[in-house]
Each structure stands twice: as structure tokens, then as C-alpha cells.
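The numbers here are math on the coordinates, done by the rules we state, and not lab data. Because the structure is predicted, anything quoted here is derived from the model rather than measured. Positions of Cβ are backbone-derived with ideal geometry, glycine not excepted, and every protein chain shown enters the neighbour counts.
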Amino acid sequence: MAKTVADILALIREHDIKMVDFKMVDINGQYRHVTIPAENFCEDTLKRGIGFDASNYGYAVVEKSDMVFIPDLDTALIDPFCQIPTLSMTGNAMIIDSPENRPLAQYPRNIIRAAVEYMKASGIADEMKILPEFEFYLFDDVRWNVESRYIGASVDASQSYWNSDTEGHGVVVQKQKNYHIAKPFDTSYECRSEMCLLMKEAGIDINYHHPEVAASGQFEIEPQLGEVVHMADATMMIKYIIHNTALKYGKSATFMPKPIYGEAGSGMHVHMLLFKDGEPVFSDDNGYSHLSETAHYFMGGLLKHIGSLCAITNPSTNSFKRLVPGFEAPVTVGYATSNRSAVIRIPAYAKSPDKRRFELRNPDATCNPYFCYAAILMAGLDGVKNKIDPHANGWGPYDMNLYNLPEEEKAKLQGLPVSLEEVLDCLERDHDYLTEGGVFPEELLANFIKMKRAEARQMAAIPHPAEFDKYYNL
């Protein structure tokens with residue numbers, strides 16, 4: 001049942017809340033916040049909202065940039081990282097209009113809500129559930145500097161193989177041998193368990209957590225399937241909890257796709273399935289891997305638009321240091337069952353009709369999750385509407401290890417784009433599926449592309465330490 005202002009006021013009294021914090025999201029998918037004294041929270045807070053300048057959040061708004069933030073009371077939770085008792089909420093940005101405010105179309109939470117409404121209006125489904133997997137590194141020390149006279153970065157994780165001569169107790173993990181490693185080598189177990197307990201308190205159900213492949217402190221936390229808007233909010237909160245809990249334990253968490261050369265990258269694989277009237281849309285006992293025709297068309301939409309999707313699901317220059325052959329990150333445009341080398345993987349263990357699904361493996365957590373999940377939904381719906389058959393288009397199924405194919409066979413496969421500039425080119429050419437129903441405003445996409453191009457060119461102009469190794473003495 002939806003919370004009311006009376007419910008929030010009762011919560012404030014019960015827990016002696018002193019501050020109410022409103023968490024907003026900028027164009028990059030990072031939290032910003034504004035805090036008010038708890039005694040100022042009232043019915044008028046939902047009517048007047050909290051004023052902010054949208055242009056400072058990266059949105060190139062056509063209207064005046066002064067906006068108001070209206071909290072969603074159902075997102076209220078006590079912030080576990082504030083010493084002063086603080087109640088936290090997220091919500092939606094609104095344009096100040098008379099007599100009523102209207103949603104700011106560019107605001108991320110409004111976009112994912114618009115995508116869900118578009119899905120419902122299409123008649124294809126009325127609910128999307130997703131499960132994003134969160135891979136990340138925990139470092140005991142991290143430092144970097146970018147100056148004219150010095151460019152460099154260093155990281156350290158006590159259990160890493162490179163500390164074999166300094167650790168003192170022999171508790172080190174061999175390179176690329178960290179997957180599911182147990183204590184005493186799993187030195188951050190308590191830290192991650194606390195993360196999961198805090199996520200549970202925040203209304204986010206967790207499947208499990210475990211060490212990932214990279215020996216230098218890589219881990220994964222997997223939540224349970226959830227409704228897509230809730231999971232977009234949950235993605236923000238999961239990252240918030242991971243970052244803050246890591247600091248509590250004297251560590252630093254990063255979702256950078258490729259923070260360490262030669263070790264596995266970190267992705268954010270997104271599992272997905274649709275329901276209509278409570279029934280699974282993607283299940284068919286007679287279909288390939290027990291997936292329905294609709295599910296295959298949905299995959300076809302994702303694969304057709306994968307280049308432009310990458311601009312939203314992998315929006316950093318570092319993203320493309322992960323998407324390279326030789327690791328578990330996918331580089332081949334295709335689908336298959338139980339095959340981690342394809343962009344789309346169908347998990348064989350999802351056997352019941354209400355769990356049959358597939359995962360998109362290329363996304364990473366540098367994305368804005370609201371944009372990411374909305375774009376995935378819009379691409380899939382476009383595939384269903386236009387009956388884009390992935391098999392007929394030559395995208396699989398690839399039921400073999402694509403990394404081990406002979407070179408002449410690999411040459412026939414379609415690969416993912418290899419740079420941020422390339423995927424931005426794709427997004428410029430191919431974005432009509434995103435603007436259907438007004439879900440993604442044209443001005444937002446144009447501003448996003450402009451901003452990311454400037455970012456890519458800035459990064460390209462900075463000398464890299466490895467270039468000294470390669471070119472200094474030529």
C-alpha cells in the first residue's frame with residue numbers, strides 16, 4: 001500500500017528523525033541530494049517540491065532550468081550512513097507550470113516510467129522484471145593523478161598475487177583465480193555480507209554475493225528479480241550502499257569496467273522477462289531454449305540496435321577496455337544458451353515458465369540505470385513490433401565457444417563497436433526506437449551525445465603511461 005504523508009510523519013516521530021534527505025539523479029546516473037530539517041516536511045512538500053537547477057545536473061532543458069523535485073514516499077528509508085538520524089527518499093523532477101507541475105521529460109526516473117507506460121500501451125506486456133548483476137572491485141588503497149608533469153594511477157588489494165612477498169601470512173590469491181574463493185582468502189566477506197543486509201533493509205532482496213574472477217579484489221552481488229522501475233531505484237541504492245559500506249571497512253569500491261590491466265572486467269549483466277496479466281510472455285515449452293516467439297523478437301530488437309544501445313549501456317571510454325576478446329565479456333553480436341561469449345545469454349537453469357529469460361551481457365555500471373533499462377525495454381519492444389527474428393538475421397543461436405572458433409569463422413561474426421566515439425555515431429544514426437511515444441526526448445539524446453563526445457575527445461587527448469613504454473625511445 002502506498003505511503004502517505006501521515007505515514008512519513010509517523011516514521012519521523014518513531015525514529016526521532018532529524019533530517020529528511022532527497023536524493024536526485026544527474027544525467028550521468030550519480031546521486032545529488034538536498035536535505036531539509038524533519039520539522040519542515042509536510043503536505044506542502046509534495047505540492048511545492050524541492051527547487052533545483054536542472055542545468056547543473058547536466059540536462060539541457062528547453063524550458064527554464066528551475067525545476068522542483070517531488071519525493072516518492074514509497075521510496076522512504078532511514079539512511080544507514082548518516083550519524084544524524086536521516087530519512088531518505090528519491091522521486092521525480094517536475095517543470096514548474098501553472099496551475100500544476102508536469103514531469104520533466106529528460107529526468108531519468110520519468111523516462112523509465114514513460115517506457116513502462118509505452119510498453120503497457122503497446123499491448124505486448126504490462127510488466128517488465130529485471131535482474132542486474134553487480135560486479136565491482138574493492139581496493140585497500142587507490143590513488144591517481146592527472147597533471148601536466150605526472151599521469152598515473154595505482155591500486156592495491158591485500159589479497160592480490162602481487163603482495164605475495166609483503167603480505168606476511170601467505171593469504172594471497174593467484175591471478176584470475178579468485179572465483180568463489182573461500183576464507184581466509186576472501187578477506188572482504190563481512191563487508192559484503194553487511195552490504196547485503198543493508199540492501200535487505202532498503203527493500204532490495206538479494207540472491208547471493210561471492211568473489212568474482214579477478215584476484216585483485218573483484219566481487220559480485222546479485223539481487224532478485226524485480227519490477228523495472230523499482231530495480232532502477234534499487235540500482236542507485238545498491239551502488240550507494242556498496243560505496244559507503246566499503247569506506248566503513250577502510251576500502252574503496254569501484255564499478256569501473258576495467259580498473260586493472262590483465263584482470264577480468266566488471267559488467268552489469270541485465271536479465272529480463274515480460275509479463276501480461278500475470279502470465280509470462282517469454283515462456284514457450286516448444287521454443288528454442290523454451291523461449292517464446294515474442295522473446296526471440298525482443299532479443300532481435302536488442303541485437304539490431306546493439307550499437308546505439310551501447311552508447312547508453314556502456315557510456316565510458318573505459319567500457320571498451322572491458323569489451324575485448326579473451327575474457328568473459330561478450331564481443332560477438334548473437335544469442336545462445338549457457339554461452340557467456342555471446343552478447344545475449346539464455347541461462348539454462350531458469351526452467352520454470354515464470355523465470356525463463358535471457359540476459360544482456362554487455363552493459364556496465366558506469367551507465368545511468370534509468371536510461372539503460374528504459375533503452376533496453378524500448379529496443380526489445382521495437383523488435384517485437386517489427387518481428388525482428390534474430391536467427392533469420394544471422395545472430396545465432398551460437399551454441400559453441402565463440403572465443404575458440406578458427407579465425408576464418410570469427411571473421412564472419414558481427415562484433416560490438418570498439419570505442420565510445422563509435423557507439424555515439426551509432427546512436428546518432430539509430431535512435432528512432434528510443435523516441436517512440438516520446439519516451440526519450442530528442443533534446444536529451446542530442447545533449448547526451450554532445451556531452452559524451454566532449455568526454456571521449458578529452459580522454460583521447462591525455463597521454464597514457466603505456467604510451468611512454470611504447471613510444472618514448474623511438
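Key figures
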| quantity | calculated |
| --- | --- |
| Contact order relative to length of the chain, as percent, for alpha carbon pairs under 8 angstrom and 6 or more apart | 14 |
| Residues listed by number, segment 27-52, amide nitrogen under 19 Å from A6 label point at 7 Å toward C-beta | 41-47 |
| Viscosity 0.692 mPa s, temperature 37 °C, Stokes-Einstein D of segment 221-275 from Kirkwood C-alpha radius, µm²/s | 249 |
| Radius of gyration and maximum dimension Dmax of segment 275-426, Cα, Å | 15.0, 47 |
| Cα pair distances of segment 161-221 binned at 5 Å [whole percent] | 4, 19, 25, 20, 15, 9, 5, 3, 0 |
| Simple label model, 7 Å out from Cα along Cβ direction - K351 to H230, nm | 2.6 |
| Proximal charge balance of A253 [Cβ under 12 Å; K/R count +1, D/E count -1] | +2 |
| Residues with amide H under 5 Å from that of Q176, placed H, sequence gap 5 or more | A215, S216 |
| Helix-only [θ]222 nm of the chain, DSSP H runs n ≥ 4, -39500 (n - 2.57) each, per residue, nearest 500 | -9500 deg cm²/dmol |
| Gain in span if fully extended, N244 to S55, counting 0.36 nm per residue against the direct Cα distance | 65.3 nm |
| For T90, net neighbour charge (Lys/Arg +1, Asp/Glu -1) across residues whose Cβ lies under 14 Å away | 0 |
| At R0 = 60 Å, FRET efficiency that the Cβ-Cβ distance of N40 and I151 yields, to 0.05 | 0.80 |
| Cysteines having no other Cys beta carbon under 4.7 Å from their own, within the chain | C42, C82, C191, C196, C310, C426 |
| Value of D in µm² per second that Stokes-Einstein yields for segment 5-104, Kirkwood Rh from Cα pairs, at 10 °C (1.306 mPa s) | 113 |
| 5 angstrom amide H check on L273, placed H, neighbours 5+ away | K129 |
| Gain upon complete extension [R453, E279; 0.36 nm per residue less C-alpha separation] | 58.4 nm |
| Considering only segment 134-266, percent of DSSP beta bridges that pair antiparallel, nearest 5 | 95 |
| Relative contact order of segment 134-266, pairs being alpha-carbon contacts under 8 Å that are 6 or more residues apart, as % | 31 |
| Residues R32 and D126, FRET efficiency given R0 of 41 Å [Cβ-Cβ distance, rounded to 0.05] | 0.80 |
| Gyration tensor (alpha-carbon) shape descriptor, segment 274-317, a/c threshold 1.5 | prolate |
| Kirkwood hydrodynamic radius over Cα pairs of segment 134-266, then Stokes diffusion coefficient at 4 °C and 1.567 mPa s, in µm²/s | 83 |
| Label assignment, Cα Rg over 2.2 N^0.38 Å derived from the structure, set (i) 1.00; (ii) 1.28; (iii) 1.17 | (i) |
| Length-normalised contact order of segment 5-104 in % [C-alpha pairs under 8 Å, at least 6 apart] | 28 |
| Considering only the chain, percent of DSSP beta bridges that pair antiparallel, nearest 5 | 85 |
| Binned Cα-Cα distances of segment 12-56, short to long, each 10 Å bin given as a whole percent | 22, 48, 26, 4 |
| Estimated distance in nm for a label pair at R429 and D389, the labels positioned 7 Å out from Cα along Cα-to-Cβ | 2.5 |
| Residue-span extension gain [K470 to Y179] - 0.36 nm each, minus C-alpha spacing | 101.5 nm |
| Separation of the L405 and V142 label points, Cα + 7 Å toward Cβ, nm | 3.5 |
| Counting DSSP beta bridges with both ends in segment 1-160, the antiparallel % (nearest 5) | 85 |
| Long-range amide H partners of H33 with built H, under 5 Å | M24 |
| Charge tally in the Cβ shell below 12 Å around L9, where Lys, Arg are +1 and Asp, Glu are -1, L9 excluded | -2 |
